[in-house]
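Student: Handing you this structure, nothing more for now.
What follows draws every value from the coordinates through simple rules; no lab data is involved. For clarity, every value in this text was computed on a predicted model and none was experimentally measured. Note that we place each Cβ from the backbone using ideal geometry, even for glycine, and neighbour counts take in every protein chain shown.
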Amino acid sequence: MTGGRTDDSALRHVDNLYYEGPHYDRRYATYTHDIDFWCDLARAHGGPVLELAAGTGRLSLPIARLGLDVVGLDVAPSMIEQALRKRGPSGPPAFQVGDMRSFALGRQFALVVLACSSVCHLLSDEDAVSCFTAVAAHLGPNGVFALDVATPGHETIRADGIHKDRFSYPDPTAEGEVTVRGRRTYDAATRCLTDDMAYTFSADGRTEYVHRTSRMYTVGQLHPLLARAGLRVVQAYGDFDGHQLTDESVTQILLCAHG
């Protein structure tokens, strides 16, 4: 079983403080509003479950506690290391480092999850189709591929290019706080959103700089990319309470199947 390719472009994308597991957990400690939705979906479809861009196990761990067989894949080694620390010496979930654009796990899944707008890490149509093709190859005959992605306008409206306070969180490695300032810009031609952030540590006063790029997707832009991989959208929601997707929705949630 292999996680597939993990080339330099993928590793460079996550080679910064934003993707270090302990910092990620502190930063997103209160990001819990979607967990019940994903657990209910996993309970409805059963296992095995594959989570792509699994991070530190924020979703894989509670889904595994339902008694399901779960695999979590992430390209960032620090994320997987943190997930394994949280899981303990034995699974489930099974966590491994791998690139979601190309992976070969040698099995099929009843449910494949790509949550938390992680599809935005796919910075080109080619990368998206490569990922969706790998998903289709791992999806059982009646399996479901579920993803969520922020509505582009909700993200780009904050892309004003102005340096400002962004967020803060307790330092996971020392006493004190980590405070983050940054600016966000958007290139409409490439649909790429860029965050340039400065992380300052109160413990010693040092600052580390992070550059993060993500690509925006609408449902209309995802449909043909999914179709190229042999997948179709069978259900869409506009929030994690299961309401209908509308032009005013902040989140786009898609359930996809073969065909």
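Student: Run through the DSSP bridge list for the chain and note the antiparallel percent, rounded to the nearest 5.
Tutor: Numbers: 39 of 56 bridges.
About 70 percent, rounded to the nearest 5.
Student: Further question: Sorting check: for 81-89, 160-168, which peptide has the highest mean count of neighbouring beta carbons within 10 Å, and how do the rest follow? Don't skip to the end; give the middle numbers.
Tutor: Working: 81-89: 15.6, 160-168: 11.7.
Going from most to least packed, we get 81-89, 160-168.
Student: What order do you get for 208-220, 37-49 when each peptide is scored by the mean count of other beta carbon atoms within 10 Å, highest first?
Tutor: Values: 208-220: 16.3, 37-49: 18.4.
In decreasing order of mean packing, 208-220, 37-49 become 37-49, 208-220.
Student: Just for the Cα atoms in the range 154-214, what are the lengths along the principal axes, largest first, rounded to whole Å?
Tutor: 42, 16, 15
Student: What is the Cα centroid distance between the range 29-66 and the range 171-250, reported in whole angstrom?
Tutor: Using only Cα atoms to place each centre, the spacing works out to 19 Å.
Student: Using only Cα atoms, what is the ratio of the radius of gyration of the chain to 2.2 N^0.38 Å?
Tutor: Ratio of Rg to 2.2 N^0.38 Å for the chain: 0.99.
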